[in-house]
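Engineer: One structure coming up, written as structure tokens, with questions to follow.
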There are 2 protein chains.
Amino acid sequence: MTQALRLGIAGLGTVGVGVVKIVRRHAELLQARTGRPIEIVAVSARDAAKDRGVNLSGFAWETDPVALAKRDDIDVFVELMGGENGPAKASVEAALATGKDVVTANKALLAIHGQALAEQAEAAGRVIRFEAAVAGGIPVIKSLTEGLAGNDIKRVMGVMNGTCNYILTRMQSQGLGYNALFEECAQLGYLEADPNLDVGGIDAAHKLALLASIAFGTKPNFDGIEIEGIQHISLDDIHQADDMGYRIKLLGVAQRTPRGLEQRMQPCLVPSDSPLGQLEGGTNMVVIEGDAVEQIVLRGPGAGEGPTASAVMGDVCDLARGLRISTFGQPATSLVDSKPAITGLPAPYYLRLELLDKPGALAKVAAILGNAGVSIDRMRQYAHAEDTAPVLIVTHKTTRATLDVALEDLRTTDVVAGEPVALRIEQV
Amino acid sequence: MTQALRLGIAGLGTVGVGVVKIVRRHAELLQARTGRPIEIVAVSARDAAKDRGVNLSGFAWETDPVALAKRDDIDVFVELMGGENGPAKASVEAALATGKDVVTANKALLAIHGQALAEQAEAAGRVIRFEAAVAGGIPVIKSLTEGLAGNDIKRVMGVMNGTCNYILTRMQSQGLGYNALFEECAQLGYLEADPNLDVGGIDAAHKLALLASIAFGTKPNFDGIEIEGIQHISLDDIHQADDMGYRIKLLGVAQRTPRGLEQRMQPCLVPSDSPLGQLEGGTNMVVIEGDAVEQIVLRGPGAGEGPTASAVMGDVCDLARGLRISTFGQPATSLVDSKPAITGLPAPYYLRLELLDKPGALAKVAAILGNAGVSIDRMRQYAHAEDTAPVLIVTHKTTRATLDVALEDLRTTDVVAGEPVALRIEQV
């Protein structure tokens, strides 16, 4: 019999338990497909006594994940603890240093330390695989790195935080405000320990940094991402965008521009009838555009025990089959630094202003936009409620820098109440 | 410098020319990603004099693709001629016999001869790759074989013939009949030389046979597929299905049942608001359901120079990177024979009858269904036009065999005019 592939699993939360279940349930199937048995040899987690609903008695137990990583009876170190530093980083480094391949679901770790870790892996002749780190069960890393390797990638976009999409689509369908839905998510356990990772867009931005690196052959550059969360999206914007044929999504976009690499994670409007616009609830979607393939759309569950464990096992099966590839699709030492685009490519924008009930107010707004060079595609003024009236504007394509000049003037004029809302309309 | 991967390309139609363009345009990018140069050494096509819009003067020319396949200066034989027998089969066999790996876009060849060719390849230590054979640019073969290898696959479904989907969605949106759109497709060059391959469902069924083999570890079994084309879909059905919240798609479905492997390629109703229901025009979509991953949806262009060449190049890049895998995801000798399910899993059905204007006619129809054991979920009778009235029925879940008993009785009763229409409603 061919030698088994021996796994050490650090982290026995939802995903770790999911991996244990698959390895056990599909032992025969996995061997038929990969040509060799896949075995869990040892595990590590904080609390050995906790009942996780699976029998762990056949596995060696390490309280220290670094000790697990260093064991000489494992071939692959499966890191499912999370966190960009601490035990996750230390144990991945230890695994590589002692000759193990690494499979991880840790987007934060790779977004921040991916370059260094990829270099360490390659120097040691090992690989790091991370399908589970991006968009849960969707095989997007594989599709981008391997399936679409013949393309010059033009743009990668995605809705990659299920909690944010759940909140935004429930705002739309139930008419509930952001705060009520945030509380609901907290109670349902949909939020990270630090909720700002979700609603602040950071978790999704970690994922975008990894996709951008593969797509453009650049070092992962999390700090180069413009990040804006969904905390300030109001029901008014949800409904008024809908009236104009758009949905609001927390959308990550990475693309090359003449001024450098544009990486944004921010609420955007997308057409209601596009695949992204139609995406409801906690589902994720990644859109990849290449010069040959045109546009590919991948959709699936972005989190949860089964889907994330499926992605981990995809990587494990690759290693069992001897399929080995550079972390970000080409040797880490050949990845180049990306220059962040100071201002993104021009796009249409959605603006919402509260106009004060004064003669000539609308003319003043139109003049400010015109003077800044922002041209108006569509405008709607609604009836005055109390002393302000909502005005919605869809601009023609403009740069954010140009728009910011206009926004600054709108803020300081005497006809606009409160802060103007400006959201990019992504053409998909 | 690492040794180049040397290609011989047989077939210089749309796809072949697309591959030549990518290899030339992205020489540097491909080398960065795969670690070695990718070179075209020799080509073969019927007419050497024809202007294909690309410079072919740097390549050796073989008039006989078998001679090309046997050349000792190529590593990979890229078969882009098509056809299930003849030169395609002979040259692929010759390539494998003389130690070349094979990349092909030929769904017919593999659906019919895939088992024998996979066995030949494995005996010779070579691989056959065929991402381009299924759903054009969508990396579905890779996703299913590798990315989702940790799953027991429950069902694979797809809209995999762009021409059929174009006709069906234009019927819906333009109110044009099947015959008018068939003519339009003929003029636009959207049809195969034998149009029955498209509208008869055969081309899409070839693709389904390949997906089913990978999904279920079975030998490709094209003859085990129940095939029905779209030729008999009427505008009435399109519109009346729409009224009830459904779209009609030529849908391929493969799933394991207690009675064997169900493989169907037939017009089905799917909910209008599902991803499959929303799929417009020539775009393809494949839905994969696994026990761990739940449901993954992949969408993209199903044909055309760029998308198909992108898929070919994905396979070529894998070979350049040393990523090698069994043709159908596990050794060909381990694939088992599939027993075709005589009757598929129960499903709801859509029925359309033309009811004659007689007292008690509707009661008679209801009684026939009831006696056969088919229970009615929803029924609509429209007003009589001339001497018949359309009756639409959505049944509860029933087997096709049970339904066929009822249909036979409906045909022979004296209250139904013409042939009853029965279309399966696929739950997605």
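Engineer: Kindly check whether there is at least one residue in region B:363-377 that is outside any helix (DSSP H, G or I), β-branched (Val, Ile, Thr) and within 22 Å of the chain's Cα centre (by Cα).
Structural biologist: no
Engineer: In this structure, does A:Ala135 turn out to be over 27 Å from A:Leu80 (Cα atoms), crowded, with 23+ Cβ neighbours inside 10 Å and of a type outside the set (Val, Ile, Thr)?
Structural biologist: Criteria not met by A:Ala135.
Engineer: If we scan region A:385-403, do we find a residue that is within 14 Å of another protein chain (Cβ to nearest Cβ) and either open to solvent by 10 Å² or more (accessible area, probe 1.4 Å) or not β-branched (Val, Ile, Thr) (or both)?
Structural biologist: For region A:385-403, residues within 14 Å of another protein chain (Cβ to nearest Cβ) and either open to solvent by 10 Å² or more (accessible area, probe 1.4 Å) or not β-branched (Val, Ile, Thr) (or both): absent.
Engineer: Looking at region B:332-344, which of its residues are in contact with an Asp or Glu (Cβ under 6 Å, 6 or more places away or on another chain) and within 13 Å of chain A (Cβ to nearest Cβ)?
Structural biologist: Residue satisfying the conditions is B:Ala332 alone.
Engineer: Being part of a helix (DSSP H, G or I) and in contact with a Gly (Cβ under 9 Å, 6 or more places away or on another chain) is the filter here; which residues of region B:191-212 pass it?
Structural biologist: Residues satisfying the conditions are B:Asn196, B:Asp198, B:Val199, B:Ile202, B:Ala204, B:Ala205, B:Lys207, B:Leu208, B:Ala209, B:Leu210, B:Leu211, B:Ala212.
Engineer: Please indicate, with yes or no, whether at least one residue in region B:202-214 is within 14 Å of chain A (Cβ to nearest Cβ) and under 22 Å from B:Val421 (Cβ atoms).
Structural biologist: no
Engineer: Answer yes or no as to whether B:Val19 is modelled with pLDDT of 95 or more, of a type in the set (A, V, I, L, M) and within 31 Å of the chain's Cα centre (by Cα).
Structural biologist: yes
Engineer: Looking at region A:248-264, which of its residues are of a type outside the set (A, V, I, L, M) and surrounded by 23 or more Cβ atoms within 10 Å (Cβ to Cβ)?
Structural biologist: A:Lys249, A:Gly252, A:Gln263, A:Arg264
Engineer: Does region B:277-288 hold any residues that are out of contact with any helix residue (DSSP H, G or I) (no Cβ under 8 Å at 6 or more places or on another chain) and open to solvent by less than 30 Å² (accessible area, probe 1.4 Å), and which are they?
Structural biologist: Those that are out of contact with any helix residue (DSSP H, G or I) (no Cβ under 8 Å at 6 or more places or on another chain) and open to solvent by less than 30 Å² (accessible area, probe 1.4 Å): B:Gly277, B:Met285, B:Val287.
Engineer: Just need a number here: residues in region A:146-190 that are assigned to a strand (DSSP E or B) and open to solvent by 40 Å² or more (accessible area, probe 1.4 Å).
Structural biologist: 1
Engineer: Let me ask something else about it. Kindly indicate whether B:Leu355 is in contact with a helix residue (DSSP H, G or I) (Cβ under 6 Å, 6 or more places away or on another chain), open to solvent by less than 20 Å² (accessible area, probe 1.4 Å), in contact (Cβ under 8 Å) with a residue 24 or more places away in the chain and away from every other protein chain (no Cβ under 11 Å).
Structural biologist: yes
Engineer: Here's another thing I want to ask about it. Just need a number here: residues in region A:324-352 that are open to solvent by 40 Å² or more (accessible area, probe 1.4 Å), modelled with pLDDT of 95 or more, closer than 30 Å to A:Ala401 by Cα and in a loop (DSSP other than H, G, I, E, B).
Structural biologist: 1
Engineer: Now a separate question. Which one is nearest to the chain's Cα centre (by Cα) among residues in region A:120-132 that are within 21 Å of A:Lys207 (Cβ to Cβ) and away from chain B (no Cβ under 14 Å)?
Structural biologist: A:Ile128
Engineer: Just to check your reading of the model, which residue among A:Ala193, A:Ala123 is surrounded by fewer than 19 Cβ atoms within 10 Å (Cβ to Cβ) and at pLDDT below 95?
Structural biologist: From the options A:Ala193, A:Ala123, the qualifying one is A:Ala193.
Engineer: Consider B:Lys142 carefully, then state whether it is surrounded by fewer than 24 Cβ atoms within 10 Å (Cβ to Cβ) and within 14 Å of chain A (Cβ to nearest Cβ).
Structural biologist: no
Engineer: Exactly one condition in (1) small (Gly, Ala, Ser); (2) within 14 Å of another protein chain (Cβ to nearest Cβ); (3) within 18 Å of A:Leu210 (Cβ to Cβ); (4) free of Cβ contacts under 8 Å to residues at least 60 places away in the same chain is false for A:Ala149; which is it?
Structural biologist: (4)
Engineer: When the residues of region A:274-318 are narrowed to those that are of a type in the set (Ser, Thr, Tyr) and closer than 16 Å to B:Gly147 by Cα, which ends up nearest to the other protein chains (Cβ to nearest Cβ)?
Structural biologist: The residue in question is A:Ser310.
Engineer: Out of the residues in region B:220-244 that are among the aliphatic types (A, V, I, L, M) and over 14 Å from B:Thr169 (Cα atoms), state the one that is surrounded by the most Cβ atoms within 10 Å (Cβ to Cβ).
Structural biologist: That would be B:Ile225.
Engineer: Which one of the conditions (1) under 23 Å from A:Tyr350 (Cβ atoms); (2) within 14 Å of another protein chain (Cβ to nearest Cβ) does A:Gln255 fail to meet, given that it meets all the rest?
Structural biologist: (2)
The values are calculated or read from the model by the stated rules, or taken from the named source; none is laboratory data. All values derive from a computational prediction rather than experimental measurement. As a convention, Cβ positions derive from the backbone with ideal geometry for all residues, glycine included, and neighbour counts pool all protein chains shown. Just the protein is used for accessible areas: all its heavy atoms, side chains included, with ligands, DNA and RNA removed. Shrake-Rupley method; radii C 1.70, N 1.55, O 1.52, S 1.80 Å.
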